[in-house]
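Data first, discussion second: the structure below is written as structure tokens.
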Ligand code: HAM
């Protein structure tokens, strides 16, 4: 039996990296004051149809949708924003005194895409959402948090690409201009784009197949259709990024694949050599109007998400080793029946006292047990032999210095705790 296509097992050796990265991301959220939200992995299909948008690739082609035994249409979440907004509305978080509501999540998402390097069918997104403020400094904060996270993990080859999709009016004007521009070429565009031209013309700009069509280069830019309010908004967002010294590039063709965006849209790319074909590490933007679409009061929102898979790929591409310690505090070597019994008791007590302990479970000889301790990179080996048991004593070997001493049995916990305190902090 094999795991389904587009999924992966994260095994010991790699799971430590995940834990490290997730802890780092959680800590960054603490500093920016985003609180964790955990929503269900499946939702009513309608949430994503309304939230992500009927005309998107995600809803049209990529959702894991099934009928449950009660006849309801259920979908495994393809992203986190719609669920977060649903929860915000359902739990009336807008009524809490602290606003805006700043949330983060880490969890698996599901999309039926063609699997390739950096594109899975089950992947883990870390994302944040700030609901309840349309201050441009929140837009800048969201991008700052994202860049901060990557940089703190050691990434250097990053590019923040930014665009404004404008407000409703600007988008409408731009949309009409796009329809006018592309309509004479409709027959030359791919089948998907012919549909997009009717349903969501903006997405034509995002097409991989038609990207070299001559009409693409001359397509009307959203930046020329931003009205005064939208233009001012965009200027303020950029000014806030400037204040923080965060470099960015404006790309008027950045449209994003989800329907809910307006004003700020951004992506962060890896420019590391050998990163692979998909260079987008994360994406996000503003979605004023989405809360109303999902049945809540008028509330603006902005957020972004990244997958941990692509983050780890970028770290690898840049040759960054995470500072993960692969060691064991203490290994207990026991020889003989009485010693084995003592090893069971001592390991229990040491673990209760906070020491990381392992022992032999395969009746290995002394040499084999020491080898096991070595393989586990044990810092200390405690030896319990017949002689030690007779004398109510233990031998302790410091594996780094090779130094070995004998101690009364009841002193070992205090001894190890003291020795390890420095290194374990
Ligand atoms: P998205 O651009 O669809 O946006 O996905 C965001 C990130 O999720 C991508 O940049 C990538 O890191 C990761 N990702 C997406 N699909 C896959 C996949 N098949 N395999 C691996 N990683 C993947 C959203 O999902 C929005 N909800 C982001 C957002 C939050 N906008 C506002 N708030």
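FYI, it's all coordinate maths here, none of it is from the lab. Everything numeric here is computed off the predicted structure, so don't read it as measured data. A quick note on method: Cβ atoms are made from the backbone with ideal geometry, for glycine too, and the neighbour counts reach across all protein chains shown.
Which order, highest average first, do 135-143, 168-176 follow once you tally other Cβ atoms within 10 Å for each residue and take the mean per peptide?
On the way: 135-143: 22.1, 168-176: 16.3.
Final packing ranking: 135-143, 168-176.
Could you work out how far helix 337-352 tilts from the main Cα principal axis of the chain, as a 0 to 90 degree angle to the nearest 10?
For 337-352 against the chain, the angle is about 40 degrees.
For n ≥ 4 DSSP H runs only, could you compute -39500 (n - 2.57) per run for the chain, divide by its residues and tell me the 222 nm figure to the nearest 500? Spell out each step's value before the answer.
Details: 14 runs with 152 residues, N = 425.
Rounded to the nearest 500, the figure is -11000 deg cm²/dmol.
Can you give me the angle between helix 15-32 and the longest principal axis of the chain, using Cα atoms only, in degrees from 0 to 90, rounded to the nearest 10?
Long axis of 15-32 versus the principal axis of the chain: about 60 degrees.
Taking the Cα atoms only, what angle lies between the long axis of helix 308-317 and the longest principal axis of the chain, rounded to 10 degrees?
80 degrees
Take the Cβ-Cβ distance between residue 35 and residue 390 as r, set R0 to 41 Å, and report the resulting FRET efficiency rounded to the nearest 0.05. Could the numbers behind the result be given before it?
Numbers: r = 57 Å, r/R0 = 1.40.
The calculated FRET efficiency here is 0.10.
How far apart, in nm, are the 7 Å Cα→Cβ label points at residue 207 and residue 277?
With each label placed 7 Å out from Cα toward Cβ, I get 1.9 nm.
Can you say what percent of the DSSP beta bridges in the chain, counting only those with both residues inside, are antiparallel? Round to 5. Intermediate values should be presented prior to the final figure.
On the way: 52 of 65 bridges.
Percent antiparallel among DSSP bridges in the chain is about 80.
What order do you get for 290-299, 51-60 when each peptide is scored by the mean count of other beta carbon atoms within 10 Å, highest first? Can you show the working numbers first?
Working: 290-299: 17.2, 51-60: 19.3.
In decreasing order of mean packing, 290-299, 51-60 become 51-60, 290-299.
Size of region 278-350 along its principal axes in angstrom, Cα-based, largest extent first?
Over region 278-350, Cα extents along the principal axes are 71, 37, 15 Å.
On a full-extension model of 0.36 nm per residue, what is the gain between residue 8 and residue 44, subtracting their alpha-carbon distance, rounded to one decimal in nm? Don't skip to the end; give the middle numbers.
Values: separation 36, 0.36 × 36 = 12.96 nm, distance 2.58 nm.
Taking 0.36 nm per residue and subtracting the Cα distance, the gain is 10.4 nm.
For a quick protection proxy, order the peptides 195-207, 267-279, 394-406 by their average other-Cβ count within 10 Å, most packed first.
On the way: 195-207: 18.5, 267-279: 16.9, 394-406: 13.8.
Descending mean neighbour count gives 195-207, 267-279, 394-406.
Sticking with the crude label model, points 7 Å out along Cα→Cβ, report the distance from residue 244 to residue 198 in nm, one decimal please.
4.2 nm
If you restrict to DSSP beta bridges whose two residues both lie in region 328-418, what percentage is antiparallel, to the nearest 5? Provide the component values of the computation, followed by the final result.
Working: 9 of 18 bridges.
The antiparallel fraction comes to roughly 50 percent.
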